[in-house]
Structures are given as structure tokens and as C-alpha cells.
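Only one structure is covered here, and it is reproduced in the block below.
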Amino acid sequence: MTDYEFDDLYRLESDRVYRYIYMLIGHKQKAEDLTHDTFLKAYRSIHTFRNESGHATWLMKIARNLTYDYFRRKKVVQFFAFGKEDYVDERLKDPGQLSVELDDIEKLYRAIKSLKQSYQDVIILRRIDESSIKETAFILGWSEAKVKGMSQRAFKALKEKMLEKEGEYSAGT
């Protein structure tokens, strides 16, 4: 891969890598640093790329590994809680609608955060990042069958969490 091609890869994939890392750690500056580290590591090790996946999937695997290394170094146990300020969408014109959508998003991410790590991983990759089963399997180092099974269990657990939370909110009113 030439430097020019790598620059194109960076332009195409840096936002995706950043969003994925940010979803995992919830800290803007650290997500930016880890995104930079991901591309630096990829650039330095491009000669080891074996075409087992696409370049984008390979980058996501590097990003995941670097993020988990960060967790291990910092002994980070909890994923973060999203704040409403993370979801300002300028396309939404109605402030009331924005408030409702922000509340829903916050509830969803709190529910995801409450799930076990493997469920969080598969939900973030499959539904938020929209990775295919094959890409998810490569990134997580799982078989495609495991991704399918884990996805079903994770979404079932998420649905139960959301229903549980919904019951808490309606019981409190």
C-alpha cells in the first residue's frame, strides 16, 4: 500500500474508528489519541496485512486491541455513561423532540453499559457500527457462529434491560 492509498484509508475510516473507540471509553481526547495510535500501528505494520479481511475491518481489530490494552493498563472496569451533550443533532429542529430523543438514546446506552462486556462488544459492532457478521467475527476473534449466537443473546438481554428500565420509569410516575 502506498502512502497515498494509506491517506485515503485514513480519510475513509478515521471517523468510524474514532466512533468505535469513543463508544468503548467515552473520553474524547483519549479516543482521539487511540485513533491516532490505531493508524500509526496500522501504518507501521501494513506489511503484515494478510488480506483475511478488508483494510477497514483490520483497522477496527487494531483499534479494539489498543483500546483493550488501554483498559488493562488503566484497569478500567466500567464503560462510561453517555451524557446528553454527546447527542446534539443539528438536523433536529424541534427542541421538545430533541429532548425526547436524547432521553431515549441515554436510556439505550445506559442499558448497553449494564450488559456484560462480550454483549456490549457485539451490540456496538453489529448495530451501532453496522459491521457484518464476518467483520465482527474477525474483529473479536470469534467464529461467525459465535457472533450469531452471541448477538441473539445480547439483543435479548438488551431488550430485557430496556423493558426492565421502562417498568422502573412507569412505576415511578
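Of everything in region 101-116 that is of a type outside the set (A, V, I, L, M) and within 16 Å of the chain's Cα centre (by Cα), the residue that is modelled with the lowest pLDDT is 106. Taking the criterion of being closer than 23 Å to residue 128 by Cβ, open to solvent by 70 Å² or more (accessible area, probe 1.4 Å) and over 16 Å from the mean Cα position of the chain (by Cα), would at least one residue in region 12-27 satisfy it? Yes. Residue selection: residue 67 fails the criterion of being farther than 24 Å from residue 122 by Cβ and either open to solvent by less than 60 Å² (accessible area, probe 1.4 Å) or of a type outside the set (Asp, Glu) (or both).
Every test in (1) assigned to a helix (DSSP H, G or I); (2) more than 12 Å from the chain's Cα centre (by Cα); (3) at pLDDT 80 or above is passed by residue 122 save one, and that test is (2). Looking only at residues of region 125-173 that are in a helix (DSSP H, G or I) and of a type in the set (Asp, Glu), we find that the one that is modelled with the lowest pLDDT is 168.
The values are calculated or read from the model by the stated rules, or taken from the named source; none is laboratory data. Predicted model only: the values in this text are computed from it and were never measured. Note that we place each Cβ from the backbone using ideal geometry, even for glycine, and neighbour counts take in every protein chain shown. Accessible surface is based on the protein model in full, side chains and every heavy atom, while ligands, DNA and RNA are left aside. Shrake-Rupley method; radii C 1.70, N 1.55, O 1.52, S 1.80 Å.
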